[in-house]
1. Taking residue 147, is it modelled with pLDDT of 90 or more and buried (at least 16 other Cβ atoms within 10 Å of the Cβ)?
2. Is there a residue in region 183-193 that is small (Gly, Ala, Ser) and over 21 Å from residue 262 (Cβ atoms)?
3. It is to be established whether one or more residues within region 121-140 are exposed (fewer than 14 other Cβ atoms within 10 Å of the Cβ) and within 30 Å of residue 200 (Cα to Cα).
4. Just checking, does region 376-390 include any residue being assigned to a strand (DSSP E or B) and not charged (D, E, K, R)?
5. Test residue 352 against the criterion of being at pLDDT 80 or above, in the same structural domain as residue 291 (by TED's automatic domain parsing) and either out of contact with any strand residue (DSSP E or B) (no Cβ under 7 Å at 6 or more places or on another chain) or not acidic (Asp, Glu) (or both), and give yes or no.
6. Being over 25 Å from residue 142 (Cα atoms), in contact with a helix residue (DSSP H, G or I) (Cβ under 9 Å, 6 or more places away or on another chain) and not in a helix (DSSP H, G or I) is the filter here; which residues of region 73-107 pass it?
7. Is one or more of the residues making up region 32-55 in contact with a strand residue (DSSP E or B) (Cβ under 9 Å, 6 or more places away or on another chain), farther than 15 Å from residue 105 by Cα and either at pLDDT below 90 or part of a helix (DSSP H, G or I) (or both)?
Amino acid sequence: MLLRIVSLALFVLLLPVRLVAATGPYASPVLNDFFLDLNQRRAAHRVAPLQAITAAQAVELEKVLVQLRGQPANSSSVETEIHRLFPNAGRLAWLTRGYPSEPKGSELAALLQPAKGPTSSVDWFGTDFTHAALALAPQATGAGWTVFALLFENVPDYETVLLRSGQRTFFFTCPQCQKRFAGTLTGEYSQSIHCPDDGLKIAEFGRDSSSHLDHVCSFIEPFKPEDLRARTPPPGLAELCGDIWLRCLGSLSYRRHGNPDYWFRGPETWKAHVGDCKDGSVLLAAWLRAEGIPARVALGYLAEKPLAAPQLSAGMKYPGRRDADGHAWVVLPADGDDYILESTNHHWNRRVPPLARLENRYWPESQVTPNTLLVRRQTDWTSDYGNPSLWTKIPKR
């Protein structure tokens, strides 16, 4: 008899943290039935079903509710705990509801009526959310019960394969400060993602000629024009680079795309023999890389006039829009120096590529290779394209 009393007392003490039932992720059959009913109603509305959290997450969420009970529903600690438990949760909406006794299924069904949560409208039948999470625990006073209902959008970490499948919202991680944040790609034809804390550019995207969004690294695919593959290349590296550069320079006519400003890959630009600075740079870098030459596409600004020598300093900032245009060019590292290669005659009338350190009209903001995006850690002017202390390498994922 004493053993039964002790067992009952332990059951009452451990009541807020329930064992997981085999019929679903929740210890309470009422919550499992509610989740099933919710998805049946979503199906009736022709809306995709919400995914369930795991049984382990359900136990942890109930512990969170017990820990936070008595706090206001819009407390920032609630959101902190949600992101701790669901680190890829993006958009959130939640509500709490009190009951004088442990609620039954018919009472929980009232939760499906439109209601206002602390963060946004809780729309059970909308398409903004991917997951639902529920928790049920006694109130802090011991009289009554509290139900916590959470809807959230599970946002994946960025991967190019997901981008190509149509996903547009991702979690990004800043390589400089390690902050994780959600970002959504819009319908723009060129778009950058910047860390909200330190401002570092951590990803860059463009739309191809089919209007598909892609990572800019994907455009630098090694390419050699088929009609030149049988040609005997020049004997030396310098001669080979110069030959490719001059052929590219002499074959392309400059044409600004205007709006929309698509990104074209090397084969498309070679076939058309026209393109803007971005298209020509992609073609030239891809061609050089096909020959094993580590060329990079630089993206930034081109000032209208060279700056006087006294103006050059490490603290010099980018020129204003009135003084510079967005531009793309090719950077070629060779013999411990960097050389600038233009790809269209629109910006070039010389036959010898200049040293980058002597060309202060060029203001690089990022560099692109097939597998890596290099971004400036600061906005100060530099002509040093290879100094690792000035550039952050971000591998394409």
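1. no
2. Within region 183-193, one or more residues are small (Gly, Ala, Ser) and over 21 Å from residue 262 (Cβ atoms).
3. Yes.
4. Looking through region 376-390, none of the residues is assigned to a strand (DSSP E or B) and not charged (D, E, K, R).
5. no
6. Result: 86, 89, 92.
7. Scanning region 32-55, I find no residue that is in contact with a strand residue (DSSP E or B) (Cβ under 9 Å, 6 or more places away or on another chain), farther than 15 Å from residue 105 by Cα and either at pLDDT below 90 or part of a helix (DSSP H, G or I) (or both), so the answer is no.
Here's the yes/no breakdown for (1) out of contact with any Gly (no Cβ under 8 Å at 6 or more places or on another chain); (2) in a loop (DSSP other than H, G, I, E, B); (3) crowded, with 19+ Cβ neighbours inside 10 Å; (4) not hydrophobic (A, V, I, L, M, F, W, C):
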residue: 260; (1), (2), (3), (4): yes, yes, no, yes
residue: 263; (1), (2), (3), (4): no, yes, yes, no
residue: 269; (1), (2), (3), (4): no, no, yes, yes
residue: 284; (1), (2), (3), (4): yes, no, yes, no
residue: 294; (1), (2), (3), (4): yes, yes, no, yes
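The values are calculated or read from the model by the stated rules, or taken from the named source; none is laboratory data. Quick caveat: nothing in here was measured; it's all calculated off a predicted structure. Using ideal geometry, Cβ is built from the backbone for each residue, glycine included, and neighbour counts are taken over all protein chains shown.
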